[in-house]
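To start, the structure under review is shown below, and the notes come after it.
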Amino acid sequence: VTEQSFIMVKPDGVQRGLVGDIIKRYEQRGYTLKGLKLMNVDKSLAEKHYEEHQGKPFFPKLVDFITSGPVCAMVWEGKNIVAAGRTMIGATNPQASAPGTIRGDYGIDMGRNIIHGSDSVESARREIGLWFPEGLAEWTPVAK
Ligand code: CMP
């Protein structure tokens, strides 16, 4: 099934210069880029994005971190992108992420874990609406 997912390079990934590698991984896998922007995140957007974590002890740190510097917000499209995209990212805790995954190749820290990917088709729909209220690029790539 063709799906869309919201994928975001977090401030640590942008600062470390990992945006290019991350885009390359999704491109070479065969996914289609539908939205892309580098942006600073205000508190309101951060709290909405992480609303399922409101009330958890790590919530304030989550909001502080995501608002600490620019993020690279993206929408990728393709077959099973939500689940397959998360497999490419690796486990939430980078210490448990397999080598070859984005977190497994670049991180060891639970808070600063480089990248976000939607965890379900429903979350993806919500997050894409939140981060790209202006809409997405319309195009269809030739078959790869
Ligand atoms: P992500 O899956 O992108 O979105 C939720 C984030 O919360 C997750 O990445 C982690 O960075 C963070 N997180 C989840 N669980 C914990 C935890 N127990 N302690 C600190 N941070 C956490």
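The values are calculated or read from the model by the stated rules, or taken from the named source; none is laboratory data. This structure is a prediction, so every number in the text was calculated from the model and none was measured. Because the Cβ atoms are built from the backbone with ideal geometry, glycine has one as well, and the counts that use them run over all protein chains shown. The accessibility values were calculated without ligands, DNA or RNA, using every heavy atom of the protein model including side chains. Shrake-Rupley method; radii C 1.70, N 1.55, O 1.52, S 1.80 Å.
Is it fair to say ILE128 is in contact (Cβ under 8 Å) with a residue 12 or more places away in the chain and surrounded by 20 or more Cβ atoms within 10 Å (Cβ to Cβ)? Walk me through how you get there before you give the answer.
Numbers: in contact (Cβ under 8 Å) with a residue 12 or more places away in the chain: yes; surrounded by 20 or more Cβ atoms within 10 Å (Cβ to Cβ): yes.
It is true that ILE128 is in contact (Cβ under 8 Å) with a residue 12 or more places away in the chain and surrounded by 20 or more Cβ atoms within 10 Å (Cβ to Cβ).
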TODO: For region 41-56, state whether one or more residues are in contact (Cβ under 8 Å) with a residue 60 or more places away in the chain and open to solvent by less than 20 Å² (accessible area, probe 1.4 Å).
DONE: yes
TODO: All but one of (1) under 19 Å from THR140 (Cα atoms); (2) touching a residue at least 40 places away in the same chain (Cβ under 8 Å) hold for LEU36, so report the exception by its number.
DONE: (2)
Open item on the list: Conditions first: (1) under 13 Å from the mean Cα position of the chain (by Cα); (2) open to solvent by 10 Å² or more (accessible area, probe 1.4 Å); (3) of a type in the set (Gly, Ala, Ser). SER68 passes all but one, so which condition is the exception?
Closed with: (1)
- [ ] Among the residues of region 87-144, write down those that are under 21 Å from GLU27 (Cα atoms) and of a type in the set (Val, Ile, Thr).
- [x] THR87, ILE89, THR101, ILE102, ILE114, ILE115, VAL121, ILE128, THR140, VAL142
Open item on the list: Against the definition (more than 12 Å from the chain's Cα centre (by Cα), open to solvent by less than 80 Å² (accessible area, probe 1.4 Å), in contact (Cβ under 8 Å) with a residue 60 or more places away in the chain and farther than 25 Å from PRO133 by Cβ), how does LEU18 come out, yes or no?
Closed with: yes
TODO: Out of the residues in region 8-42 that are basic (Lys, Arg) and not in a loop (DSSP other than H, G, I, E, B), state the one that is nearest to VAL63 (Cα to Cα).
DONE: LYS37
Open item on the list: Going through ASP64, ASP119, ASP109 one at a time, which residue ends up being modelled with pLDDT under 95 and within 14 Å of the ligand (Cβ to nearest atom)?
Closed with: ASP109
Task: Enumeration of residues in region 70-82 that are in contact with a Ser or Thr (Cβ under 9 Å, 6 or more places away or on another chain) and among the small types (Gly, Ala, Ser) - done: GLY78
Open item on the list: Can you tell me how many residues within region 1-44 are under 18 Å from PHE65 (Cβ atoms) and not small (Gly, Ala, Ser)?
Closed with: 19
- [ ] Take GLN4 and decide whether it is among the polar types (S, T, N, Q), away from the ligand (no atom under 16 Å from the Cβ), at pLDDT 95 or above and exposed (fewer than 14 other Cβ atoms within 10 Å of the Cβ).
- [x] no
Open item on the list: Looking only at region 86-105, filter to residues that are closer than 18 Å to SER120 by Cα and of a type in the set (Ser, Thr, Tyr); which one of those is least open to solvent (accessible area, probe 1.4 Å)?
Closed with: THR92
